[in-house]
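Just below is one structure, and these are the notes that go with it.
The values are calculated or read from the model by the stated rules, or taken from the named source; none is laboratory data. Just so it is clear, the model here is predicted, and its values are computed rather than measured. Cβ coordinates were reconstructed from backbone atoms using ideal geometry, including for glycine residues, and neighbour counts include every protein chain displayed. The accessibility values were calculated without ligands, DNA or RNA, using every heavy atom of the protein model including side chains. Shrake-Rupley method; radii C 1.70, N 1.55, O 1.52, S 1.80 Å.
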Amino acid sequence: MTAMTRDETQALILEVLEAYPDKARKDRAKHLAVNDQSIEQSKKCITSNRKSLPGVMTVRGCAYAGSKGVVWGPIKDMVHISHGPVGCGQYSRAGRRNYYVGHTGINTFGTMNFTSDFQEKDIVFGGDKKLAKLIDEIEQLFPLSKGLSVQSECPIGLIGDDIEAVSKKKGKELNKPIVPVRCEGFRGVSQSLGHHIANDAIRDWVIGNRDGDDSFPTTPYDVAVIGDYNIGGDAWASRILLEEMGLRVVAQWSGDGTLSEMELTPKVKLNLIHCYRSMNYISRHMEEKYGIPWMEYNFFGPTKIAESLRKIAAFFDETIQANAEKVIAKYEAEYSAIIAKYRPRLEGKRVMLYVGGLRPRHVIGAYEDLGMEVVGTGYEFAHNDDYDRTMKEMGNATLLYDDVTGYEFEEFVKKIKPDLIGSGIKEKYIFQKMGVPFRQMHSWDYSGPYHGYDGFAIFARDMDMTINNPCWKSMQAPWLKAADSESQTLAA
Amino acid sequence: MPNVMLRKNDNGDVLFYVAKKDMEETIASVEMNTAETWGGMVTLTDGSTWYIDPISPPPVFPTTLRFKRGDE
Ligand code: SF4
C-alpha cells in the first residue's frame, strides 16, 4: 500500500468514528488527527491529557503506576513501600525490567515488592500504625537500605491517612530519609500526574539535601542522565557514549540510580533529559533553583545519536566537541554494518506505534535509519508539549491518535495494514492473532537495550526477526488456502 | 492567577510554561521590556494575553512568576 493522502487519512478517521454514539464521537474526534508539519501548535489539531471516556478500552495506567512504577521504583538502594492493598504492587512488580547492579535484598531492592497489604480493618481504623510497624520491620530486615518511600495507593487518600506524619517521625527515629508520596491512583487522568507528583516529592524531599555541602568534588564535565529507566540496560548503553566523550555521569535518573546520586544532581553542569514527559518537571526546577541548563536528547538510531552527541558537546569546550566526533567515527563501522545487513530486509516496511513517554516520537529516527517508515503514532498519556515535538518528526498526512481505544486501534490497523506494530503487552496478542508482526515497545519485548549504538544493533535484529519471521506466512490453515496456490505448491 | 515558569529557549525567546495546564508557549511580545523594567501585558504566540505588574529590575530567567489572564 502506498502512503495515504491527507483526505484518505481524514476519511479513515471519520469512518472509524462512525461506530460511536454522537457524544463519544465528538469527544474522540478531538483525539485523532492527521499530521500536518506546518502546524506549530499541536493543540490546534489534537487534544490530549483528558479523562478517558467511560466504556472505551484505554490502556492508561494510574498515578501510582507513574510514581512507583516509573519514577521512584528504579531507585535501587531505597525500599519503596506500596502502601495499601497488595495487588497494585504485586501485579506491577519487576515488570518494567529496570536493570541494576547490586545484591537484591541486601543493598538493592529493585525487583522486590514491599506492601502494607491493607485489610478491611486498616480501611476502617486507618493504616498509620501499620505503616509505622512496617517501617520498623523493613529496617530490621534490610538495614542497608538508604531510605524509604511511601507510595500511596488509592485507599490511602480516600481514608485520609497521615503518611507525612508517620514518615517524618519514623525518619527521625531511623535517621533515614522517608519520603511520603501522595500518588493515589485516582489522581489525574493517567500515570502522567503520578510522574509530576513523584517529581515534586523528589524536589521537596531529596534535591535540597546537600545544599551548602561542597564536599563532593566536581568537574566541569559533570552531567546527569535524567529520564532513562535502564530498561534492558538502556542507560548503560547511553552512559558509555557520554563517558567516551569525556563527560562524567554523576547520576542516572532513575534506572540503576541511587539516592545519593539524586542528591548530588544539583552539582552537575548539565541535565540530559531522555524522557521529557516524566522528568521535565524536576529539570525545570533544577534550572530555576540551581541554574542548571537541561536539554532533551535522543539515543535511538545512529542519525539521532550523532545529532544528540553533537548537541550535547556544544555545551562544552572544544576537547569534548572533538571527542564527540571521535565517538561517532569510532562506531561508524559498526552501525554501517548493521544498516547494510538489515536495511535491505526492512526497507519500505511501515510501522504503527502506540506507546507512552518518549517513544512514539523518539524511535522514529531509528526506524528511518533502517529504511522503515512510521505511518501512525500515538501516546497513552502525552500532553500538548509532547505532540508539539512529535508533529515535526512525523511525515505529513500520517495518523496521530491520543489515548487510542482498543476498537480504534484495531480498525486503524485493519485499514492501514502496517508491517509492524509497536505497542504494549495488552495489544500484543490481539494483533499477533490478526497476523500482524508485533513488538512490545514498553520493555522491548524482554530484549534490549535499544539506546545507544549497542542498542541499535539489538533493535535492528529484533525488528528483522519479528517482521521477517516465517510464522507470518503460516497464518492461514492449510485447508483454507485457495486451491490453485495448493496445486502450485504441489508442482514445486 | 497561575504560576508560570519562564525560561529562555535556544533562540533566546522566552518560553511560558504553565505546569497545571501543560501549556508551553512562547512569548511574542512584552509591553515593557527595557533595561529597567519587564512586564505589563504579555502576548503569546497562540494569541492569548496575560498580565503581570511590571517588575524592576527585570527578572533573571529561568524563574517562576504569577500571571493574571489578560481579560480578567
Ligand atoms: S488505580 Fe488505585 S487501586 Fe488501581 S493500581 Fe492504581 S493505586 Fe492501585
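Here are the numbers for the structure shown:
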read-out: Relative contact order for chain B, counting Cα pairs under 8 Å that sit 6 or more residues apart, in percent; value: 31 percent
read-out: Cα gyration tensor shape of chain B, rounded if a/c is under 1.5, else prolate or oblate by comparing a/b with b/c; value: rounded
read-out: Among beta bridges that DSSP assigns inside the protein assembly as shown, antiparallel share in %, nearest 5; value: 40 percent
read-out: Rounded to 10°, Cα long-axis angle of helix A:191-205 versus longest principal axis of chain A; value: 30 degrees
read-out: Global geometry of the protein assembly as shown, whether rounded, prolate or oblate, following the gyration tensor of its Cα atoms and the 1.5 cut on a/c; value: rounded
read-out: Stokes-Einstein diffusion coefficient of region A:362-450, Kirkwood radius over Cα pairs, 4 °C, 1.567 mPa s, in µm²/s; value: 93 µm²/s
read-out: Residues of region B:1-31 buried by at least 50 Å² on assembly (accessible area, 1.4 Å probe, chain alone as reference); value: B:Met5, B:Arg7, B:Tyr17, B:Asp22, B:Glu24
read-out: With DNA, RNA and ligands ignored, accessible area of A:Asp27 (1.4 Å probe; Å², nearest 10); value: 40 Å²
read-out: Cβ-placed point charges (K, R +1; D, E -1), dipole of region A:119-252 about Cα centre in debye, nearest 20; value: 260 debye
read-out: Shape category assigned to region A:303-407 from the gyration tensor of Cα positions, a/c cut at 1.5; value: oblate
read-out: Accessible-area order (highest first, 1.4 angstrom probe) of the listed residues A:Cys183, A:Cys62; value: A:Cys62, A:Cys183
read-out: Test item: A:38-50 mean partner chain Cβ contacts at 10 Å; value: 1
read-out: CD proxy at 222 nm, helix term only [per DSSP H run n ≥ 4: -39500 (n - 2.57); per residue of the protein assembly as shown; nearest 500]; value: -11500 deg cm²/dmol
read-out: 1.4 Å probe accessible area per residue over the protein assembly as shown, in Å²; value: 43 Å²
read-out: Mean separation of Cα contacts under 8 Å (6+ apart) over length of region A:78-217, as relative contact order %; value: 24 percent
read-out: Pairwise burial A:B, computed as accessible area of each alone minus the pair, summed, 1.4 Å, Å²; value: 1300 Å²
read-out: Carbon + sulfur, % of accessible area of chain A - ligands and nucleic acids excluded, 1.4 Å; value: 56 percent
read-out: Relative intensity, log₁₀ I(q)/I(0), of region A:140-265 from a Debye sum that treats every alpha carbon as a point, q = 0.10, 0.12, 0.17 Å⁻¹; value: -0.41, -0.58, -1.04
read-out: Under 24 Å, Cα to Cα: Lys pairs in region A:333-435, sequence gap 8 or more or different chains; value: 18
read-out: Distance from region A:139-177 to region A:292-363 (C-alpha centre basis), Å; value: 41 Å
read-out: Local net charge near A:Gly227, Cβ-Cβ under 11 Å (Lys/Arg +1, Asp/Glu -1); value: -2
read-out: Burial of 30 Å² or greater, region B:35-72 residues [accessible area, probe 1.4 Å, versus chain by itself]; value: B:Asp46, B:Pro62
read-out: Ordering of A:267-278, A:431-442 by packing [mean C-beta count within 10 Å, highest first]; value: A:267-278, A:431-442
read-out: Summed side-chain charge close to A:Phe316 - residues other than A:Phe316 whose Cβ falls under 15 Å, Lys, Arg +1, Asp, Glu -1; value: -1
